[in-house]
Protein chains: 2
Amino acid sequence: MTEQPPPYWLRDNCPCAECRDPRNGQKRFQIGDLPPDLTIAAQCELDGNLEVLWSDGHRSRYPLAWLLDTDEGDGRTEQGKRLWTAADFARGLPEADWEAYLTDPSEQTAVLAAVRRSGFAVLRGVPAVERQVLRVAESFGYVRVTNYGELFDVRVEPDPNNLAFTDRAIAPHTDNPYRDPVPTLQLLHCLENSATGGDSGLVDGFKAAAILRDESPEDFETLTRTPVPFVFRDRRTELRADRPLIGLDPLDRIREVRCNNRSIATLRGTNREAFYAAYRRFAAITLRPELQLTFRLNPGDCLIFDNTRLLHARTAFEQDGHRHLQGCYADLDSLASTLAVLHRRTAALDELAELFAGEGAGEYLGEAVTMAEHMLQAAAAAEAAGAPGHLVAAALLHDVGHFQGALHGRDLMQGQDNRHSDTGAAWLARWFGPEVTEPVRLHVAAKRYLCTVEPDYRAGLSAASEYTLTVQGGPMDEREAAAFAQLPGAADAVAVRRWDEQAKEPGAQTPDFEHYRPLLASLMR
Amino acid sequence: MTEQPPPYWLRDNCPCAECRDPRNGQKRFQIGDLPPDLTIAAQCELDGNLEVLWSDGHRSRYPLAWLLDTDEGDGRTEQGKRLWTAADFARGLPEADWEAYLTDPSEQTAVLAAVRRSGFAVLRGVPAVERQVLRVAESFGYVRVTNYGELFDVRVEPDPNNLAFTDRAIAPHTDNPYRDPVPTLQLLHCLENSATGGDSGLVDGFKAAAILRDESPEDFETLTRTPVPFVFRDRRTELRADRPLIGLDPLDRIREVRCNNRSIATLRGTNREAFYAAYRRFAAITLRPELQLTFRLNPGDCLIFDNTRLLHARTAFEQDGHRHLQGCYADLDSLASTLAVLHRRTAALDELAELFAGEGAGEYLGEAVTMAEHMLQAAAAAEAAGAPGHLVAAALLHDVGHFQGALHGRDLMQGQDNRHSDTGAAWLARWFGPEVTEPVRLHVAAKRYLCTVEPDYRAGLSAASEYTLTVQGGPMDEREAAAFAQLPGAADAVAVRRWDEQAKEPGAQTPDFEHYRPLLASLMR
């Protein structure tokens, strides 16, 4: 293995269930709970793990691969971004259709990943109705309410308190610089845009800052080291935040750009001359033609962008038509969370696909079909019966517990119930709601139930199924059967059970696992 | 005057209405709009101002006093705070009664100022009903929704995804460190607390950080320079923020503390040993007894605290009673805005009080009472008549335009209408709604109206009022009168007018201006 890791670091990362809650990864101890003279009493490498006995008697086990892991950070600094100029989008903007975004996780993943990596994306075909922008924000996070309200209308107003609400051009800027915390995401949803002019513009502020760092390191340093007072004041509001135009993380990576001349109030202090020279140079960079990405928002377009990074702009427009956008704010942290969960779900589907292809190709409890064939046949039967999506999914996944349990199917065949329905339902509950997991959980009980209430049913069981019935408790008594019938998922479980029984035909042709992936993705929550 | 200020700084701060929108202080030009070789062509000091002629022909005027102003910053770093230990609150916590907070702006000001300065305050007597905590947050800002919802219940839950939802002790920590932006304020509203234990604790994280800086500058430096991965992961959420435990502003002042061992994920990189040594030292400081402020929340108490500064804690509790808090998050920027507007309103009331005492003691348009006596008598008449508060205020302030206009009352007496009703209403509209300003705006029109519709009314006018009637346009014609009667504020204006006419009695005893301050404060929005 590599060099010896520091003891407190190693112990703080002990993955055992006593140290960490497996549900959320939160630690169950305080750093001060560790003894002041903690040392490693003994350690060895075993089965790909580092096993450690600590001086206080605690034992830890760390995968060796984990010790060597590297880390890409939280994706919020320039390190995790694709810095761009307008030419990088000559072949089109990162965009998706709203309906596809809603129904296809890979589309939603692409949109959110673009916002994270390039700072923006455009959704097309978002219904051009009022307040719809809030639905877009809620599709990945939470609306941030400000003094402008839950949402704001960008159109010409008679007595505007903000340049946005006029027909004038607006130079590239970030919004709400006088707020701390600044809203980290902005959404602009176009309801109407029939006026001449009024095109939208974006500039990558991280790129502009990186150019400044290249061309004039001293000016860059000045802007990162000068807190600038941003102020907004109207009748009901008096906001102020003192923040640098270019914010760095502790490792001096660009992490935030704030740039809005309208809101810069009086800077005091000694370096005002140096600041204004640096500021003018930076502002000039943000106006370079090659940095201006200009496009037109049409009704139904919704632009989502990173307000800690991108500057946005608007050209002036004529009052020969109407221009009406609705906007709102949200935050990057929830967007990143939604994206991470989407990735996790994709990974889960990949894992299922692998199980179907690998372990699933194995023998299925003495039947003449493999486990994968059995489950695919059950799903096909459900589909052929016109079952709703969640039951097709339940049929497809009903025996997934055979893959996952600590006890495998062969243990069941050796006379021990592996409670595969419970195991499977619990595993699936990480991804699916009760409409999928309950029929899975109850599909064994449904067999015992059907044997009781339908005398003919038991006669139709396969030999293997008849055998496992005994292990599983045999037919229900009448009281059990009555209680079962009252359960919310009972009818669905019975339906799945019938497809289960039909799904043991050697050589039957069915769609493969990938056929069901979009359905499964849409059911994951 | 002092040394010559830098030209671009000076020009960027030009206060003229062409450069700055007087309604919100936002600049109307971009920094790049200024010519590249801007210089001062000429300047002189005149009447307490610096007058500047710029090389591009623009003219600016700056009060000399403004040039010398200093600035206290945005109040978010240690500079604007009172760092504390528990002994500083031996005589009690910063607290207020909820009803008083709602009705008395000075109480609200004190509470919000305490949160800003000391990091917390307690409201007592907040109705112990569900969702009330949201009302508290909305009294100064906006609720920040997170994965825990709009609000969260802190009580024992069967399958908790967070230590908060158990009966166990919780060491001092900040909340949601895995969010960026982190919620900057937290509210905890006690609905029930009959269990043994379950006391609340607060620690000033800025104080703890300042102690670390004093006692171990290298450890302090390490914590400010190490981005720490904070992670929270459950079924629907995967949040991560890489932030230092101690965040500094660009001038190296403490600006943010994040401290929550539960959420610290695996730190990678080379300085892990130094980090853990520094972290353990800092964590030990946060546990020093003299820093622990411990108190009990009782039903109806609502604790508001700065989650970027204070660590909060809870002792373990027995399940011999019920403990139920509801919490929510909000942000410091809006709290500071609300506080600033409250200060502004107090300043406006002080200004009005000064006007009543100073200029108001002067002659009132040839009447035998002063302006202040006249307005106080009108208010007293309205009060005696049982008028609603907004009309008492309108009566009190109806002639405030005489103070404020560019033309003074004496100009009116010289035959020129100073439109004092419009001027007064416009000035008042900075603070009051139309229920106050419309009767003021229309009180002159009401005289012209009453002369038309009530023949006896004109006969009762004072000689001076009869004179000004002519200057103001004389009685309305019938069409004008009919139109006036349709105006929304007409009836109120007529009522104010009648009190106006009654308010010219030499030597009459009335309450003074201070009597009306709470009423005025409650009407300000």
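The values are calculated or read from the model by the stated rules, or taken from the named source; none is laboratory data. This structure is a prediction, so every number in the text was calculated from the model and none was measured. With ideal geometry, Cβ positions are generated from the backbone for all residues, glycine too; neighbour counts draw on all protein chains shown. Please note that ligands, DNA and RNA were not included when accessible areas were found on the heavy atoms of the full protein model with its side chains. Shrake-Rupley method; radii C 1.70, N 1.55, O 1.52, S 1.80 Å.
As for region B:468-478, it holds at least one residue that is assigned by TED's automatic domain parsing to the domain that holds B:Leu391 and touching a residue at least 60 places away in the same chain (Cβ under 8 Å). Taken together, the residues in region B:13-24 that are open to solvent by less than 70 Å² (accessible area, probe 1.4 Å) and within 7 Å of another protein chain (Cβ to nearest Cβ) amount to 2. Can you pull out every residue in region B:38-51 that is modelled with pLDDT of 95 or more, in a loop (DSSP other than H, G, I, E, B) and open to solvent by less than 50 Å² (accessible area, probe 1.4 Å)? Within region B:38-51, just B:Leu38 meets the criteria.
Pick from A:Ala169, A:Ala128, A:Ala114: which is closer than 16 Å to A:Leu93 by Cα and among the small types (Gly, Ala, Ser)?
Values: A:Ala169 fails: closer than 16 Å to A:Leu93 by Cα; A:Ala128 fails: closer than 16 Å to A:Leu93 by Cα.
Selected residue: A:Ala114, the only one of A:Ala169, A:Ala128, A:Ala114 that is closer than 16 Å to A:Leu93 by Cα and among the small types (Gly, Ala, Ser).
Residue count for region B:41-73, restricted to those that are more than 14 Å from chain A (Cβ to nearest Cβ) and closer than 30 Å to A:Pro172 by Cβ: 7.
Residues of region A:242-255 that are facing another protein chain (nearest Cβ under 10 Å) and assigned to a strand (DSSP E or B): A:Asp242, A:Arg243, A:Ile246, A:Gly247, A:Leu248, A:Arg255.
Within region A:309-329, residues that are farther than 28 Å from A:Thr85 by Cβ have Cβ atoms under 8 Å from residues that are open to solvent by less than 10 Å² (accessible area, probe 1.4 Å) and of a type in the set (Gly, Ala, Ser) in these pairs: A:Glu318/A:Ala195; A:Gln319/A:Ala195; A:Asp320/A:Ala195; A:Gly321/A:Ala195; A:His322/A:Ala195; A:Cys328/A:Ala137, counting only partners at least 6 apart in sequence or on another chain.
Selection over region A:175-212 of residues that are of a type in the set (D, E, K, R), in contact with a strand residue (DSSP E or B) (Cβ under 8 Å, 6 or more places away or on another chain) and either within 14 Å of chain B (Cβ to nearest Cβ) or under 30 Å from B:Asp74 (Cα atoms) (or both) gives a count of 4.
Yes/no matrix, rows are residues, columns are (1) surrounded by fewer than 13 Cβ atoms within 10 Å (Cβ to Cβ); (2) touching a Cys at 6+ places or on another chain (Cβ under 8 Å); (3) at pLDDT below 90:
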| residue | (1), (2), (3) |
| --- | --- |
| B:Gln26 | no, no, yes |
| B:Gly32 | no, no, no |
| B:Pro36 | yes, no, no |
| B:Leu53 | no, no, no |
| B:Arg61 | no, yes, no |
| B:Ala65 | yes, no, no |
| B:Gly80 | no, no, yes |
| B:Asp88 | no, no, no |
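Tell me yes or no: at least one residue of region B:384-402 is free of Cβ contacts under 8 Å to residues at least 12 places away in the same chain and among the small types (Gly, Ala, Ser). Checked against the condition, which is being free of Cβ contacts under 8 Å to residues at least 12 places away in the same chain and among the small types (Gly, Ala, Ser), region B:384-402 yields at least one hit.
Is there a residue being under 18 Å from B:Glu505 (Cα atoms) and either open to solvent by 30 Å² or more (accessible area, probe 1.4 Å) or over 29 Å from the mean Cα position of the chain (by Cα) (or both) anywhere in region B:340-361? The answer is yes, given that some residue of region B:340-361 is under 18 Å from B:Glu505 (Cα atoms) and either open to solvent by 30 Å² or more (accessible area, probe 1.4 Å) or over 29 Å from the mean Cα position of the chain (by Cα) (or both). Across region A:256-265, the qualifying residues are those that are within 7 Å of chain B (Cβ to nearest Cβ) and out of contact with any Pro (no Cβ under 8 Å at 6 or more places or on another chain), and the one among them that is surrounded by the fewest Cβ atoms within 10 Å (Cβ to Cβ) is A:Asn261. Does region B:118-133 contain at least one residue that is open to solvent by 50 Å² or more (accessible area, probe 1.4 Å) and within 14 Å of another protein chain (Cβ to nearest Cβ)? For region B:118-133, residues open to solvent by 50 Å² or more (accessible area, probe 1.4 Å) and within 14 Å of another protein chain (Cβ to nearest Cβ): absent. If you go through region A:489-518 and pick out every residue that is under 34 Å from the mean Cα position of the chain (by Cα), surrounded by fewer than 15 Cβ atoms within 10 Å (Cβ to Cβ) and among the small types (Gly, Ala, Ser), you end up with 1. Of the residues making up region A:140-195, those that are modelled with pLDDT of 95 or more, farther than 19 Å from A:Val122 by Cα and acidic (Asp, Glu) are A:Glu150, A:Asp180.
Within region B:256-270, is even one residue in a strand (DSSP E or B), within 25 Å of B:Gly73 (Cβ to Cβ) and at pLDDT 95 or above?
Yes - at least one qualifying residue is present in region B:256-270.
Remark: pairs (first residue in region B:501-524, under 17 Å from B:Gly366 (Cβ atoms); second residue assigned to a helix (DSSP H, G or I); Cβ separation under 7 Å; 6+ apart in sequence or on different chains) = B:Ala503/B:His374; B:Ala503/B:Gln377; B:Ala503/B:Ala378; B:Ala503/B:Ala381; B:Lys504/B:His374; B:Glu505/B:Gln377. Within region A:291-313, can one find any residue that is modelled with pLDDT under 95 and either surrounded by fewer than 17 Cβ atoms within 10 Å (Cβ to Cβ) or within 27 Å of B:Tyr142 (Cα to Cα) (or both)? Checked region A:291-313: no residue is modelled with pLDDT under 95 and either surrounded by fewer than 17 Cβ atoms within 10 Å (Cβ to Cβ) or within 27 Å of B:Tyr142 (Cα to Cα) (or both). Residues in region A:266-281 that are more than 9 Å from chain B (Cβ to nearest Cβ) and open to solvent by less than 40 Å² (accessible area, probe 1.4 Å): A:Ala278 alone.
Counting the residues of region A:67-114 that are under 30 Å from B:Arg272 (Cα atoms), outside any loop (DSSP other than H, G, I, E, B) and touching a helix residue (DSSP H, G or I) at 6+ places or on another chain (Cβ under 9 Å) gives 3. Taking each residue of region B:433-453 that is more than 15 Å from B:Gly473 (Cα to Cα) and looking for partners that are open to solvent by 40 Å² or more (accessible area, probe 1.4 Å) and basic (Lys, Arg) with beta-carbon atoms closer than 9 Å, six or more apart or interchain, yields B:Gly433/B:Arg525; B:Pro434/B:Arg441.
Looking at region A:213-237, which of the residues that are acidic (Asp, Glu) and more than 9 Å from chain B (Cβ to nearest Cβ) is least open to solvent (accessible area, probe 1.4 Å)? Full working, then the answer.
Narrowing region A:213-237 to residues acidic (Asp, Glu): A:214-215, A:218-219, A:221, A:234.
Those still in the list that are more than 9 Å from chain B (Cβ to nearest Cβ) too: A:214-215, A:218-219, A:221.
Working: A:Asp214: 123, A:Glu215: 96, A:Glu218: 150, A:Asp219: 24, A:Glu221: 103 Å².
Here the residue is A:Asp219.
Within region B:375-382, identify whether any single residue is surrounded by fewer than 22 Cβ atoms within 10 Å (Cβ to Cβ), assigned to a helix (DSSP H, G or I) and in the same structural domain as B:Glu438 (by TED's automatic domain parsing), and answer yes or no.
Here is the first cut: in region B:375-382, the residues surrounded by fewer than 22 Cβ atoms within 10 Å (Cβ to Cβ) are none.
Looking for residues that are surrounded by fewer than 22 Cβ atoms within 10 Å (Cβ to Cβ), assigned to a helix (DSSP H, G or I) and in the same structural domain as B:Glu438 (by TED's automatic domain parsing), one finds none in region B:375-382, hence no.
One residue stands out among those in region B:138-161 that are of a type in the set (Gly, Ala, Ser) and in contact with a helix residue (DSSP H, G or I) (Cβ under 9 Å, 6 or more places away or on another chain): the one that is surrounded by the most Cβ atoms within 10 Å (Cβ to Cβ), which is B:Gly141.
Among the residues of region B:373-388, is any of a type in the set (A, V, I, L, M, F, W, C) and closer than 28 Å to A:Tyr178 by Cβ?
Taking region B:373-388 and keeping what is of a type in the set (A, V, I, L, M, F, W, C), we get B:375-376, B:378-382, B:384-385, B:387.
Within this subset, residues satisfying the condition of being closer than 28 Å to A:Tyr178 by Cβ are none.
So far as region B:373-388 goes, no, none of its residues is of a type in the set (A, V, I, L, M, F, W, C) and closer than 28 Å to A:Tyr178 by Cβ.
Taking region B:162-190, which residues are assigned to a loop (DSSP other than H, G, I, E, B) and surrounded by fewer than 20 Cβ atoms within 10 Å (Cβ to Cβ)? Answer for region B:162-190, where residues must be assigned to a loop (DSSP other than H, G, I, E, B) and surrounded by fewer than 20 Cβ atoms within 10 Å (Cβ to Cβ): B:Asn162, B:Thr166, B:Asp167, B:Arg168, B:Ala169. The single condition from (1) assigned to a strand (DSSP E or B); (2) under 19 Å from A:Trp84 (Cβ atoms) that A:Glu290 fails is (1). Criterion first (surrounded by 14 or more Cβ atoms within 10 Å (Cβ to Cβ), over 22 Å from B:Ser337 (Cα atoms), within 14 Å of chain A (Cβ to nearest Cβ) and out of contact with any Asp or Glu (no Cβ under 9 Å at 6 or more places or on another chain)) does B:Leu10 satisfy it? For B:Leu10, the condition - surrounded by 14 or more Cβ atoms within 10 Å (Cβ to Cβ), over 22 Å from B:Ser337 (Cα atoms), within 14 Å of chain A (Cβ to nearest Cβ) and out of contact with any Asp or Glu (no Cβ under 9 Å at 6 or more places or on another chain) - is met.
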